[in-house]
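A quick write-up on the structure given underneath.
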Amino acid sequence: MNPEKPETSEPQGGNDDTLIDFLPTKAPTAQPKLVGIVVSVDSSGKPNGMTVAWFMPVSRDPPLMVVAVSPRRYTYSLIKQTRDFTLNILDSSLIGEVEFFGSVSGRDVDKFSKSRLTLSKSKFVKSPYISEAVTILECSLYADYPAGDHQLIIGKVERLLVKKDAASDNIYNLKKIKLLLYLGEGKYTVTSEEVYEYP
Ligand SMILES: Cc1cc2nc3c(=O)[nH]c(=O)nc-3n(C[C@H](O)[C@H](O)[C@H](O)COP(=O)(O)O)c2cc1C
C-alpha cells in the first residue's frame, strides 16, 4: 500500500504531463502483436499467403480465432470463396518473409514461388500450412462480420500444431524460440526469455 495515497476509489490523478495524446487511429500500434501468415487457396487450389498481426482467440468451445482482414486483400476474396485458411505463427528468423508477404498482393505475384517458405498439406482444410511455422492453426470459416475498414474473419480451429522444440509442459518454451512481435510503423521486436509464474 502507498501511504501517500488517500483511501478512495475516486479518480485522484490529474497530472497528464506524463501522457502523450496520440491520434485514436494509432490505436492498432498501441500494443505489440504476434505476427503470422494466413494461407488460403483459390478454387483451383493455388495457395496465397498474407501477413497478419491483427488476430486473437475469441472462444474456447468451440475454439475460435478472429483475424481482421481488409476486404481489399486478395486473401479476403479467397477465404470467402473457398471458406478456409491456415494461420501460421512465425519466429523472428522469418522476418524477411513476413515483410514480403505483407507488402505485395497475390493478385500480382505468386508469393510462395518467390519465397523460401515451404508448404505442407493440411489434414482438415484445403489451404496448406507453412512447414517452417512455430504454430499452425487449420481453420474453417465460421463467421465473417464487418468492422470498420476491416472484416472480422472468424475461424473455427480444426487442428492446432506446435513445433516440438517450441513448447514444453503445454506452453511455449521461450528459451528455445523467439516469437516475432509487430510494433507498427515497420518495426518489430521479439519475445523475451523471462517468464513470471503465479499460483
Ligand atoms: C507486419 C504486418 C502485419 C499486417 N497485418 C495485417 C492484418 O492483420 N490484416 C490485414 O488486412 N492486413 C495486414 N497487413 C497487410 C497485408 O499483409 C498486405 O496488404 C498484403 O500484401 C495482402 O496480401 P494479399 O492481397 O495477397 O492478400 C499486414 C502487413 C504487415 C507487414
Which residue is nearest to the ligand (Cβ to nearest atom), if the candidates are limited to the stretch 85-118 and must be of a type in the set (A, V, I, L, M) and within 25 Å of Leu174 (Cα to Cα)? Val98
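Table: residues versus (1) within 13 Å of the ligand (Cβ to nearest atom); (2) surrounded by 12 or more Cβ atoms within 10 Å (Cβ to Cβ).
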position: Thr8; (1), (2): no, no
position: Ser43; (1), (2): no, no
position: Asn48; (1), (2): yes, yes
position: Arg60; (1), (2): no, no
position: Leu64; (1), (2): no, yes
I'd like the full set of residues that are within 30 Å of Tyr142 (Cα to Cα) and in contact with a helix residue (DSSP H, G or I) (Cβ under 6 Å, 6 or more places away or on another chain), limited to the stretch 173-199. Leu180, Gly184
Restrict the check to the stretch 146-161 and report whether at least one residue is part of a helix (DSSP H, G or I), among the β-branched types (Val, Ile, Thr) and surrounded by 13 or more Cβ atoms within 10 Å (Cβ to Cβ). no
Of a type in the set (Ser, Thr, Tyr), at pLDDT 95 or above and either away from the ligand (no atom under 16 Å from the Cβ) or out of contact with any Ser or Thr (no Cβ under 6 Å at 6 or more places or on another chain) (or both) - does that describe any residue in the stretch 147-170? no
Residue count, the stretch 162-183, condition exposed (fewer than 15 other Cβ atoms within 10 Å of the Cβ) and either within 27 Å of Thr75 (Cα to Cα) or of a type in the set (Ser, Thr, Tyr) (or both), comes to 2
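The values are calculated or read from the model by the stated rules, or taken from the named source; none is laboratory data. Note that this is a predicted model, so its numbers are computed, not measured. For neighbour counting, all protein chains shown are included, and Cβ atoms are generated from backbone atoms with ideal geometry for every residue, glycine included.
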